[in-house]
Amino acid sequence: MTLDVRSAQIMLECARRGSLGAAAAALNMTQPAITRMLKRLEDGYGVPLFERTTRGVVPTVFGEALLPYAKLVVSEVGNAADVIQQMRGASRGVVRIGGVASVVSGFILAVIHEMRREHPEVQYQIIEDLEDRVLEGLKGGTIDIAISPEPYLDDDIVIATPDIMHDTVSVFARSDHPFCRREHLSLDDAARFGWAMPPPGTPTVREWQRRFHDNALEPNAPSIISRSVPVLKAAVLAESLFCWMPLPLVRQEIERGDMMRVNVPDLDWQRTFRVYRRKKGLMTPPTANLLRAVRRISETWKEQVV
């Protein structure tokens with residue numbers, strides 16, 4: 001036996017709940033039936049997928065490797081049902097679109113605004129996160145299309161559109177910070193800044209570190225770390241910290257006079273955004289319509305640097 005939708009559901013519930021009994025209750029099955037199906041699945045792959053302990057079950061290294069595929073199987077079966085319902089007119093349809101904060105607040109909302117004029121019956125679910133989580137959602141089937149500046153080099157992901165827009169990431173600080181008045185600051189100066197940044201290992205932080213390391217510099221470790229843009233901005237406004245963000249995310253603070261761009265030319269980074277989708281699996285009619293709208297609107301956005 002190999003992975004099918006029922007065995008995929010069983011794997012996910014066992015991993016989520018850590019108990020065969022709890023998984024059985026969630027799936028309206030008996031515990032012996034769960035045990036039998038897991039055993040058949042393990043026999044089919046020839047490896048143990050869960051370790052049985054006195055406290056329940058824990059995925060083995062093989063189980064952890066199989067879990068993303070189990071999520072995708074369950075997600076695609078759900079998408080298949082959606083497609084049939086939409087074709088029969090029994091569902092208004094749902095499109096799940098993911099992106100980083102700077103593109104969600106502008107480009108994605110502009111696309112959805114146009115789509116709603118043509119397809120007001122469709123529901124649009126917007127998932128905003130950093131690039132690594134958006135990729136996880138796209139691969140796992142919880143996101144249908146993703147708009148990202150990070151090149152997704154993955155066998156399961158393909159580019160759905162060419163370049164659609166650009167933005168520039170720069171250094172920003174509280175407007176009364178003395179460095180905001182300096183005409184020019186070097187990377188050596190910036191290495192000594194106090195920073196509020198996303199978590200280590202995220203694409204933005206990797207690029208930030210690369211710019212220092214390529215010049216044999218080690219920047220101060222960030223004082224505040226968060227995935228939340230509002231938290232990072234609040235930290236900058238509360239203390240003499242610096243952030244590295246695209247202009248759209250701090251435009252309101254700049255217009256109010258609360259924050260200013262700090263001129264560190266070596267830390268100006270122009271990013272290019274593309275649209276990605278899964279290579280395999282179903283594309284629902286609303287998702288295909290959204291991609292067409294993305295291509296149309298990108299003609300007016302891709303030459304802009306926001």
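Quick one: in segment 50-67, which of the residues that are surrounded by fewer than 14 Cβ atoms within 10 Å (Cβ to Cβ) and either under 23 Å from I157 (Cβ atoms) or among the acidic types (D, E) (or both) is farthest from the chain's Cα centre (by Cα)? Before you say what the answer is, go through the steps one by one.
Residues of segment 50-67 that are surrounded by fewer than 14 Cβ atoms within 10 Å (Cβ to Cβ), as a first pass: 51-55, 61, 64-65.
Next, from what is left, pick out any that are either under 23 Å from I157 (Cβ atoms) or among the acidic types (D, E) (or both): 51, 64-65.
On the way: E51: 31, E64: 20, A65: 20 Å.
The qualifying residue farthest from the chain's Cα centre (by Cα) is E51.
Return the residues of segment 189-206 that are under 23 Å from the mean Cα position of the chain (by Cα), outside any helix (DSSP H, G or I) and aliphatic (A, V, I, L, M); say none if nothing qualifies.
Listed by number, the residues that qualify are A196, M197.
Quick one: count up the residues across segment 107-144 that are in a loop (DSSP other than H, G, I, E, B) and over 11 Å from the mean Cα position of the chain (by Cα). Don't jump to the end; show me each part of the working.
Let us first name the residues in segment 107-144 that are in a loop (DSSP other than H, G, I, E, B), namely 119-122, 129-130, 141-144.
Add one more test, that the residue is over 11 Å from the mean Cα position of the chain (by Cα), and what stays is 119-122, 141, 144.
Qualifying residue count, segment 107-144: 6.
What are the pairs with Cβ atoms under 7 angstrom where one residue, in segment 160-180, is assigned by TED's automatic domain parsing to the domain that holds V250 and the other, located anywhere, is part of a strand (DSSP E or B) and small (G, A, S)? Sequence gap at least six, or different chains.
These pairs meet every condition: F179/A173; C180/A173.
So, in segment 1-44, exactly how many residues are within 29 Å of the chain's Cα centre (by Cα) and assigned to a helix (DSSP H, G or I)?
15
Identify the single condition in (1) surrounded by fewer than 12 Cβ atoms within 10 Å (Cβ to Cβ); (2) within 30 Å of S298 (Cβ to Cβ); (3) assigned by TED's automatic domain parsing to the domain that holds S223; (4) not hydroxyl-bearing (S, T, Y) that D155 does not satisfy, given that it satisfies every other one.
Exception for D155: condition (3).
With the checklist (1) surrounded by fewer than 19 Cβ atoms within 10 Å (Cβ to Cβ); (2) farther than 17 Å from L3 by Cβ in hand, flag the one item A24 doesn't pass.
Of (1) surrounded by fewer than 19 Cβ atoms within 10 Å (Cβ to Cβ); (2) farther than 17 Å from L3 by Cβ, only one is false for A24: (1).
When segment 145-186 is examined, which residues are found to be part of a loop (DSSP other than H, G, I, E, B) and under 30 Å from G257 (Cα atoms)? Show your work before the answer.
Let us first name the residues in segment 145-186 that are part of a loop (DSSP other than H, G, I, E, B), namely 149-156, 175-177, 182-186.
Across segment 145-186, the qualifying residues are P149, S175, D176, H177, R182, E183, H184, L185, S186.
Pairs, please: C-beta under 6 Å, at least 6 apart or cross-chain, first residue buried (at least 20 other Cβ atoms within 10 Å of the Cβ) and in segment 107-118, second among the small types (G, A, S) and part of a helix (DSSP H, G or I)?
V111/A293; M115/A293
Every residue, every condition in (1) farther than 22 Å from V61 by Cα; (2) free of Cβ contacts under 8 Å to residues at least 60 places away in the same chain; (3) in contact with a Pro (Cβ under 9 Å, 6 or more places away or on another chain); (4) not hydroxyl-bearing (S, T, Y), yes or no:
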| site | (1), (2), (3), (4) |
| --- | --- |
| I10 | no, yes, no, yes |
| E13 | no, yes, no, yes |
| R16 | no, yes, no, yes |
| A23 | no, yes, no, yes |
| A26 | yes, yes, no, yes |
| P32 | yes, yes, no, yes |
| R40 | no, yes, no, yes |
| Y45 | no, yes, no, no |
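Somewhere in segment 175-186, is a residue within 16 Å of A101 (Cα to Cα) and surrounded by fewer than 12 Cβ atoms within 10 Å (Cβ to Cβ)? Spell out how you get there, then give the answer.
Start the filter on segment 175-186 by keeping residues that are within 16 Å of A101 (Cα to Cα), which leaves none.
No, because not a single residue in segment 175-186 is within 16 Å of A101 (Cα to Cα) and surrounded by fewer than 12 Cβ atoms within 10 Å (Cβ to Cβ).
If N263 passes every condition in (1) out of contact with any Asp or Glu (no Cβ under 8 Å at 6 or more places or on another chain); (2) closer than 22 Å to H166 by Cα but one, which one does it miss?
The failed condition is (1).
Inside segment 215-306, counting only strands (runs of 3 or more DSSP E) that do not spill past its ends, which hold 1 or more residues that are out of contact with any Pro (no Cβ under 7 Å at 6 or more places or on another chain), of a type in the set (D, E, K, R) and under 30 Å from P68 (Cβ atoms)? Steps first, answer last, please.
Values: elements: 242-246, 259-262, 269-278.
Ranges flagged: 269-278.
Specify the residue that is farthest from W208 (Cα to Cα); the eligible residues are those in segment 155-180 that are of a type in the set (D, E) and in contact with a helix residue (DSSP H, G or I) (Cβ under 7 Å, 6 or more places away or on another chain). Even if it seems obvious, please write down each step before you answer.
First pass over segment 155-180, keeping only residues of a type in the set (D, E): 155-156, 163, 167, 176.
Those left that are additionally in contact with a helix residue (DSSP H, G or I) (Cβ under 7 Å, 6 or more places away or on another chain): 156, 167.
Working: D156: 27, D167: 16 Å.
In this case the residue turns out to be D156.
Quick check on segment 207-216. Is at least one of its residues under 19 Å from V104 (Cβ atoms) and under 18 Å from the mean Cα position of the chain (by Cα)? Give the steps one after another, and end with the answer.
If we filter segment 207-216 for residues that are under 19 Å from V104 (Cβ atoms), which is where we start, we get none.
For segment 207-216, residues under 19 Å from V104 (Cβ atoms) and under 18 Å from the mean Cα position of the chain (by Cα): absent.
Would you be able to tell me the number of residues in segment 163-175 that are within 15 Å of F242 (Cα to Cα) and touching an Asp or Glu at 6+ places or on another chain (Cβ under 9 Å)? Spell out the reasoning first.
Just the residues of segment 163-175 that are within 15 Å of F242 (Cα to Cα), to begin with: 169-175.
Still in the running and touching an Asp or Glu at 6+ places or on another chain (Cβ under 9 Å): 169-172, 174-175.
So the answer is 6.
The values are calculated or read from the model by the stated rules, or taken from the named source; none is laboratory data. This structure is a prediction, so every number in the text was calculated from the model and none was measured. Every residue, glycine as well, gets a Cβ built from its backbone with ideal geometry; the counts of neighbours run over all protein chains shown.
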